[in-house]
Each structure stands twice: as structure tokens, then as C-alpha cells.
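Below: the structure, in C-alpha cells.
Just so you know, all these numbers are worked out from the coordinates, no wet-lab data involved. Nothing here was measured: the structure is a model prediction, and the numbers come from that model. When we count neighbours, we look across all protein chains shown, and the Cβ atoms used for this are built from the backbone with ideal geometry, even at glycine.
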Amino acid sequence: MKVGPDYTPPEVQLPDAWTESIDSDNKSSFTGSQRWWKKYNDPTLDKLIQISRDANPNIRIARARISESWHQRSVLAAAWYPHAEFTARDEHGLGSYDSSGVKWDYDSSHDQLASLDVGWEIDLFGRVARRVESATAEYEAKIEGYRDALVFINSEVALHYIAYRTLQKRIAVAEEATQNYTEIKRMINTRFDDGLATKLEKYESNADLLASKAEIPKLEQEKKVISNRLSALLAMRPSEMPNLLSSTSRIPRPPRTIDAGFPAEILRSRPDVRRAERKVAAQSARIGVATANFYPQLSLSGAISYEYFRQGINVETLTRTLGLGPSLKWRIFNACADRNRVREQESKLNQAITLYEGTVINAVTQVENSMTRLQFSKRRHQLLEKATAQYSGAAELMNDAYQAGQVDLRRLLNAQQDYIRTKDESIATLGRNAAHSVRLFKALGGGELPQPKTKSVTN
């Protein structure tokens, strides 16, 4: 029998549906998908994530922890089986010594010992079984920790890659602004030479050109920092990144629709939730380990021994023994220490359950927030695209109106600034939209990741 509570998964009340829904038409089911980043149809992103899954230090450490946990479990499971220890000694005397010095006398004595001790603890009350049960749950929690590390690293690579591509597009907008202001400056200089523009207009056009040029180094700096962070995630040198990122600068487009499933699916889709649940199972089994201390421990032990001792020419000891029998160990009194150990483990179980509930609540909140941000970001980008088109037309008309003398230079420059600012914000919002979709995939658990190659959990 196994004393202590038998484990039952904790129950958490979850809503029946999400408060925010992603586009409901033509949904492509997310729940159970394994390679969510493939939905972006970006070969460079696929390559970066694959490199990170193989080389990232955090993922490699998580793999090593799985192996460590398995061996820890194997050590505890060994207590189910008999153990044997062999001891041998063959010692020859070399003489004696006193205050006058050493007196050599080889083989003045001879001592021999050979002993084989065997033992087997009979797990009457499940102390060993509960230890193995706890270790098994910890091993499974390490597997979920590995999966959680994959989800985190995959999403971080995708987020940094999206940020890198977004900055490339924003740099292109800044370069377009520089070209536009260069044309305006050239036009003002011509008009100034013809006496149609003032010196103030010449200064203003030149200042706006320099200001637009100043944006490019700032964005280039941010792009370099993002590239360096990507290299760290991929465990590569920063100098190797330009070759990996040299392809098209298109911002990855998220799938048009994402099916978030139902809130209850969070319990099986997120590795951090599954890991927290396994921690509860491990702690529940530790109560059984502590409870087993109330009961006697029965073991069988035996020994085969041979001992020979000769001093000079006299044999003083010569024994050959065989032994086998049970032993019983039962702690009768320990000032309620065992009872308090059980209560200590029960308190830790309550903490583990609370942490599990908090993990579930946090998971639901992350999904809700990601869905909300994605939904509103998509609407904002649609409006900004329309506004950019309108500002572009207005800037062209304002340029013609200025040359015709119908508006002043300030209105022309303001129209150009409105166009550039809105286009830049539209691209930044497109990047944020893609990032929000990555965070939604991450919040949903990152897909059902493949089982790592580890040993079976059977006894």
C-alpha cells in the first residue's frame, strides 16, 4: 500500500469563451499546430528559429536538465531492488616501531577479510514508491520546462526578426523623406536664384533635409542592436548575422485568421501550465513520503564473511559466517517531528496549487491581451494605410500649389511631414501587428511541440 494522498489534478474555473475574438471566417486551427512560424511564409525566419532551437544555450541547458532529472529518478527507483556490497582486505605486517625507531619484520602478521553484504528494503507503505512518483513528476516538469524554453526562444527570435525587418522598412521611409526634402531644397534654391524664394525658405528647407537625414543613423543604430540580440539568441557572432539577414526586407505577414480555441485548452496547450501542474503532482507525492515515516520500515539483510588473522605463527582469528534475517525500524517517539514534516509538505502543496492557479490565470490574461492588441492593431494599420495614401496625394498637390505660388513653403513642408510621419507610423504599426500575432501564438502555448528524445518513464 502507498500511504498519503493519491494525486488528483487541481481544478481551475475558466471562462467558456474569450472576450475578444479574432476574425471568425476561414479559420485555420491553431490548437495542436507544431510549427506556428511556418504560417508567416518567411524562409529566413524559419532558418533563424531552426538555428536557435539547436544552438541557444538556454535550450541546451533545458535538455541537460531533463537528463539530470531522469538520472535522479533512476537513483531513487533503485531502492526497489536488492543491493549488495563486497569488501575485501589482505594486509601483511611489515614490523613495528617505538621511540627507538622502526623494527622491520616482514610478514610478522597477516590479516585477511572478505565480506559480502546484501539487503533489500520491502516497501510496505510506499515510501520508495512515493519518492519515485515525485521524481517522475519532476522529470515530466523538466520536459515541460524544455518545451517552455522552446516557446520562449522561438517567439523571441520571431519578435526580434520582425523588429529588424520593420526597422529596414522605416529606414527606407527615412531615405524617401531625405530624397523628397532634397528635391524641395533644389527647387527652393532655383527659386531663390530667380528671386522667387526668400532666404528664410532656403533655411527652412535645408533644416528639414538635415532633420530627415538625422533619423537614418538613429534607426540604423536600433537595427544593429536588434541584430546583435538576434546573434545572442542564435549563439552566433554578430559578424555572421548580415549574411543570414541579407534576403528580402519584407515584414513577415501573420496568417489572416487565427483560431484561439477555447480557454480550457490553455490547460493542455501551454507548457508552463503543464509544468506547474506536474509540480503540484510532485509535491503531492512528497506528502506520502513524509507520511510513510509514521510506519515501520522492514528490510531483509544477509552477509557472507570470512576473516583470518595471524600474529607471528599463531592464528588468532579464523571465522567463516553466513547470515540472513529481517530487520525492523520504527520511530516510536520524535516529539511530533514526523507529524510536522507532513504538515510542512501539505503547506508546500497548497503553495504549489496556488502557483498553478496563478499560472493559469496569467495564461488566460496573456491570451486576452494579445488578442485585444492584435485586433485593434489591425484596425489601426488599415486606417493608417488609407491616411498615408491621402497624405501622399495631398503632398503632391501641395507641391504643385507651391510652385504656382498658391501656398507658402510652410504648408508644403507640413504636408510632406504629415505624409512621412503617417507612412512611418503605418509601417511601425504593421510590425507591431506581426509582433502581436507572435505574442498570441506564444500565449496560446506555441503549439504542441515534439517530445524530446529521452528515456521512458516506465518503472
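Based on other C-beta atoms within 10 Å, arrange Phe125, Phe192, Phe152 from fewest to most. Present the calculation step by step, with values, prior to reporting the outcome.
On the way: Phe125 21, Phe192 15, Phe152 18.
So the ranking, lowest neighbour count to highest, is Phe192, Phe152, Phe125.
Rounded to the nearest 0.05, what FRET efficiency do Thr182 and Thr248 give with R0 = 25 Å and r taken as the Cβ-Cβ distance? Could you check?
Working: r = 27 Å, r/R0 = 1.06.
The calculated FRET efficiency here is 0.40.
Going 7 Å from the Cα of Ser327 toward and past its Cβ, which residues in segment 108-149 have a backbone nitrogen under 17 Å from where you end up?
Answer for segment 108-149: 115-124.
Using a Förster radius of 22 Å, what is the FRET efficiency between Arg380 and Arg421 based on their Cβ-Cβ separation? Nearest 0.05, please.
Numbers: r = 15 Å, r/R0 = 0.66.
My answer for the efficiency is 0.90.
With a Cα-only, solvent-free Debye model of segment 192-338, what are the log10 I(q)/I(0) values at q = 0.14, 0.15, 0.16 Å⁻¹?
-1.07, -1.11, -1.14
With each pseudo-label sitting 7 Å past Cα toward Cβ, what's the Arg343-Asp117 distance in nm, one decimal?
3.7 nm
Take the cross-link list Lys169/Lys218; Lys169/Lys423; Lys169/Lys223; Lys39/Lys142; Lys39/Lys224 and give me the ones stretching past 22 Å between alpha-carbons.
Details: Lys169/Lys218 14 Å; Lys169/Lys423 10 Å; Lys169/Lys223 11 Å; Lys39/Lys142 28 Å; Lys39/Lys224 27 Å.
Over 22 Å apart, Cα to Cα: Lys39/Lys142; Lys39/Lys224.
Using the reciprocal of the averaged 1/r over all distinct C-alpha pairs, how large is the Kirkwood radius of the chain in Å? The partial results should precede the final answer.
Working: mean 1/r = 0.0344 Å⁻¹.
Hydrodynamic radius (Kirkwood, Cα only) of the chain equals 29.1 Å.
Can you give the relative contact order of segment 165-222 as a percent, counting alpha carbon pairs under 8 Å and 6+ residues apart? Before the final figure, lay out the partial values.
Numbers: 39 pairs, mean separation 29.0, N = 58.
Answer for segment 165-222 is 50 percent.
Pulled fully out, how much extra length does the chain show between Met236 and Tyr97, if you take 0.36 nm times their separation in residues and subtract their Cα-Cα distance?
Values: separation 139, 0.36 × 139 = 50.04 nm, distance 6.66 nm.
Gain on extension, Met236 to Tyr97, equals 43.4 nm.
Calculate the FRET efficiency for Ala79 and Glu307 from the Cβ-Cβ distance with a Förster distance of 45 Å, rounded to the nearest 0.05.
Values: r = 30 Å, r/R0 = 0.66.
Once rounded, the FRET efficiency stands at 0.90.
Which value in Å does the Kirkwood hydrodynamic radius of segment 281-424 take, with 1/r averaged over all unlike C-alpha pairs and then inverted? All intermediate terms of the calculation are to be shown ahead of the outcome.
Details: mean 1/r = 0.0401 Å⁻¹.
Its Kirkwood hydrodynamic radius stands at 24.9 Å.
What value, in deg cm²/dmol to 500, does the helix sum -39500 (n - 2.57) over DSSP H runs of n ≥ 4 give at 222 nm once divided by the residues of the chain? Please report the intermediate quantities before stating the final value.
Values: 9 runs with 267 residues, N = 459.
It comes out at -21000 deg cm²/dmol, rounded to the nearest 500.
At 4 °C and 1.567 mPa s, grab the translational diffusion coefficient of segment 44-138 from Stokes-Einstein with a Kirkwood Rh over Cα pairs, rounded to a whole number in µm² per second. Walk me through the numbers before you get to the answer.
On the way: Rh = 19.4 Å.
After rounding, the answer is 67 µm²/s.
Within segment 394-422, whose backbone N sits under 20 Å from a point 7 Å along Cα→Cβ of Leu210?
Within reach of a label on Leu210, which here means backbone N under 20 Å from a point 7 Å along Cα→Cβ, segment 394-422 contributes 409-410, 413-414, 417.
Can you sort Arg73, Arg256 from fewest to most other Cβ atoms within 10 Å of each residue's own Cβ? Don't skip to the end; give the middle numbers.
Values: Arg73 23, Arg256 13.
Least crowded to most crowded, the residues run Arg256, Arg73.
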